[in-house]
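These notes are about the structure you will find just below.
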Amino acid sequence: MNEQALSDLQKRRHTRALQIIKRWRLIDDDFMKRCLKNNIPAVECILRIIMEQPDLHVLSVIIEDTIPSLLGHGIRMDVHAVDSAGTEYDIEMQRSDKGAGARRARFNSSLLDLNSLKKGNTYDQLPESYVIFITENDIFKAGLARYHINRIIEELSRPFNDGEHIIYVNGDYGGSDDIGKLMNDFRSSKVDDMILEPLKETFNRYKNNPREVAAMCADLEKWSMDERSEGRAEGRAEGRTEGAELLARLLKLLQAEGRVDDVRLALEDKEDRERLYKEYHLE
């Protein structure tokens, strides 16, 4: 490739990266992680609304915190937060309904407990824990803002009170209350459409600060270059049944937009792969 052709290619990659950043929203996994990294005020704003606790204080925030399992599959939490009461939160963004399944919630909750109980502590010292899925769609299709999952003693119709909680937040909820405002901000791709100041300030910094935009562009351009070779390799392997070029194009598009979870789904699940083909009009 000559210098002019290389320059044109780099310009196209840069232009595409800028277009992707312009479309990014907080509900997009990779952008959310950037915005919430070490950002206690923003995470505190989110949790205060979801938990309906205006005095909740967050002490720590870790992005992509990994909890290994010695016997099998570990987890990597999108956002791991701890509040002043010692309550632990695993906040997960899910654009795919399948990624927010009941058994995944159960698994995340169990490993969160395993990680929280320190050597020498008793079971009574386990902190309250919440696994929170913010889903792009209303996966329970009841039109509610939140869905709380807690164990009960069936025969007595009363709570089991084991301290383990799961909450699904409906990203499609459009009410005028605080949770509606929060979901509005998660769906927004423009600063002017946002409402909550801690999220708006963070969003504006990443969307409009030249240094932050340049860093995101560099990452996206690198993903694009890496995916060119990786996508071809995956495409060849899958091509015997799916069509090499189609899968390679899909993986390239997903990786360029930082949709890491969807890359995994495209490779592992045929139904999700077909859904993503349709989304990108690759049928």
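Numbers for the structure displayed
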read-out: Debye log10 I(q)/I(0) at q = 0.14, 0.18, 0.23 Å⁻¹ for the range 12-72, Cα point scatterers; value: -0.59, -0.79, -0.96
read-out: Set of aspartates and glutamates with alpha-carbon distance to residue 222 below 13 Å, sequence-local pairs under 8 removed; value: 230, 257
read-out: Neighbour-limited loop hits for trypsin sites (Lys or Arg not before Pro), the range 102-191 (at most 14 other Cβ within 10 Å; DSSP other than H, G, I, E, B); value: 118, 119, 141, 151, 190
read-out: CD proxy at 222 nm, helix term only [per DSSP H run n ≥ 4: -39500 (n - 2.57); per residue of the chain; nearest 500]; value: -16000 deg cm²/dmol
read-out: Amide H partners (placed H, <5 Å) of residue 65, local residues excluded; value: 77, 80
read-out: Local electrostatic count at residue 204 - Lys and Arg +1, Asp and Glu -1, tallied over other residues with Cβ under 15 Å; value: +2
read-out: Placed amide H near residue 188: partners under 5 Å, 5+ positions off or other chain; value: 26
read-out: For q = 0.10, 0.12, 0.14 Å⁻¹, Debye-computed log10 I/I(0) when each Cα of the chain counts as one equal scatterer; value: -0.60, -0.85, -1.12
read-out: Most mobile of 90, 178, 162 in a GNM of the chain (Cα contacts under 10 Å); value: 162
read-out: Positive-pole candidate from 36, 191, 163, dipole of the chain, charges at beta carbon; value: 191
read-out: Loop sites in the range 152-206: chymotrypsin sites (Phe, Trp or Tyr not before Pro), DSSP, at most 15 other Cβ within 10 Å; value: 160
read-out: Debye, to nearest 20: dipole size of the range 29-208, +1 on Lys, Arg Cβ, -1 on Asp, Glu Cβ; value: 520
read-out: Low-density loop positions, GluC sites (Glu not before Pro), the range 123-170 - DSSP coil, at most 10 other Cβ in 10 Å; value: 154, 155
read-out: Antiparallel DSSP beta bridges within the chain, percent to nearest 5; value: 55
read-out: Stretchable slack from residue 62 to residue 151, in nm (0.36 nm times residue separation minus alpha-carbon distance); value: 29.3 nm
read-out: Gyration tensor (alpha-carbon) shape descriptor, the range 60-164, a/c threshold 1.5; value: oblate
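A short reminder: the numbers here are calculations on the coordinates, not readings from a lab. Remember, it's a predicted structure, so these values are computed and weren't measured experimentally. Here Cβ is always computed from backbone atoms with ideal geometry, including for glycine, and neighbour counts include all displayed protein chains.
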